[in-house]
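Everything on this sheet refers to the single structure shown next.
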Amino acid sequence: MSAGDLVLTVLGSATPYPAAGNACSGYLVTHGDTRLWLDAGTGTLAQLQRYVRLDELDAIWISHLHADHCADLLTAYYGARYADVRLPAPIPLYGPPGIAGRLADFLTNGPVRSPIESAYEVHELFDGHQADIGGLRVRAAAVEHGMPAFAARIEAGATALTYSGDTGPCAALTSLAAESDLLLCEADGSPSEGLAVHCTPEDAGATAAEAGARQLVLTHVSRFLTPDAAIARARTRYDGPIGYADPGRSFAI
């Protein structure tokens, strides 16, 4: 890996609860000196510290408010407020509408609301939201998960990484992922009637193919599937390179 690479490091990819040796969904995206914590599922804060301290982050970006994608924001708040972390300023936190209230509801233990904004500079996402974070440009698209949920396209110059978050197959994800160098896509779902709120491995493969993504990495794979089985199913819809989000693995894009 070179200093100019856009690098995706897997902090965890388990669902819906951590496995032994694998935290829930969370990733570190780096480019030069820029460091972005992408989803903060259970157990990812411990893994994050293998690479970067909280006070070295440029931002945190949260796809949706299910606990397996955001629960470690709670203990990160304790670290920022009551331990050995000394933030020069609150960490920019990008997340769905209501994220500050949800955190405050959990963290407030008395009549006075916990000062969430002392640790997090909160920015609420919306469809089409765009933020420049260090050397990265991050664009959000609303996706289908039965609740406010967003996918992210992360660009460093001409290089692009798209992250599905949790979603059923949808045009918004396919459009966001167009010509991405890497699509990081969940593969948790089983075929179902009605509105799908998760992608199956086949859906992930079809999305990568339709979007023209150059590489597909499967994450958030159901506990009823092995990674190899998920890759085999995705390969029926996509003939490009397919990988799995093994915890600790890094992808230089």
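So the values come out like this:
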{"item": "Subset of the stretch 222-253 (residues that are in contact with a strand residue (DSSP E or B) (Cβ under 7 Å, 6 or more places away or on another chain) and either closer than 22 Å to R50 by Cβ or modelled with pLDDT under 95 (or both))", "result": "P227, G243, Y244, A245, D246, P247, G248, R249, S250, F251, A252, I253"}
{"item": "Tally, over the stretch 25-60, of residues that are under 28 Å from S222 (Cβ atoms) and in a strand (DSSP E or B)", "result": "10"}
{"item": "Test set (1) in contact with a helix residue (DSSP H, G or I) (Cβ under 8 Å, 6 or more places away or on another chain); (2) in a helix (DSSP H, G or I) - H64 fails condition number", "result": "(2)"}
{"item": "Residue match in the stretch 42-52 (condition: open to solvent by 60 Å² or more (accessible area, probe 1.4 Å) and touching a helix residue (DSSP H, G or I) at 6+ places or on another chain (Cβ under 7 Å))", "result": "no"}
{"item": "Answer residue from the stretch 116-140, given it is within 19 Å of G101 (Cβ to Cβ) and part of a loop (DSSP other than H, G, I, E, B) and is most open to solvent (accessible area, probe 1.4 Å) among those", "result": "F126"}
{"item": "Pairs, first in a strand (DSSP E or B) in the stretch 231-248, second of a type in the set (V, I, T), C-beta under 6 Å, six or more apart", "result": "I242/I231; G243/V217"}
{"item": "Check on T167, among the β-branched types (V, I, T), touching a residue at least 24 places away in the same chain (Cβ under 8 Å) and out of contact with any helix residue (DSSP H, G or I) (no Cβ under 9 Å at 6 or more places or on another chain)", "result": "no"}
{"item": "Scan of the stretch 5-24 for residues that are of a type in the set (G, A, S) and more than 21 Å from L216 (Cβ to Cβ), ordered by number", "result": "A19, A20, G21, A23"}
{"item": "Selection count where residues are open to solvent by less than 40 Å² (accessible area, probe 1.4 Å), touching a strand residue (DSSP E or B) at 6+ places or on another chain (Cβ under 8 Å) and over 16 Å from L182 (Cα atoms), scope the stretch 141-169", "result": "6"}
{"item": "Within the stretch 1-14, tally of residues that are open to solvent by less than 50 Å² (accessible area, probe 1.4 Å) and either modelled with pLDDT of 95 or more or in contact with a Gly (Cβ under 7 Å, 6 or more places away or on another chain) (or both)", "result": "9"}
{"item": "Filter result (of a type in the set (D, E, K, R) and surrounded by 14 or more Cβ atoms within 10 Å (Cβ to Cβ)) within the stretch 211-245", "result": "R214, R233, R235, R237"}
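The values are calculated or read from the model by the stated rules, or taken from the named source; none is laboratory data. Quantities reported herein were computed from a predicted structural model and do not represent experimental measurements. Reconstructed Cβ throughout: ideal geometry from the backbone, glycine too, with neighbour counts over all protein chains shown. The accessibility values were calculated without ligands, DNA or RNA, using every heavy atom of the protein model including side chains. Shrake-Rupley method; radii C 1.70, N 1.55, O 1.52, S 1.80 Å.
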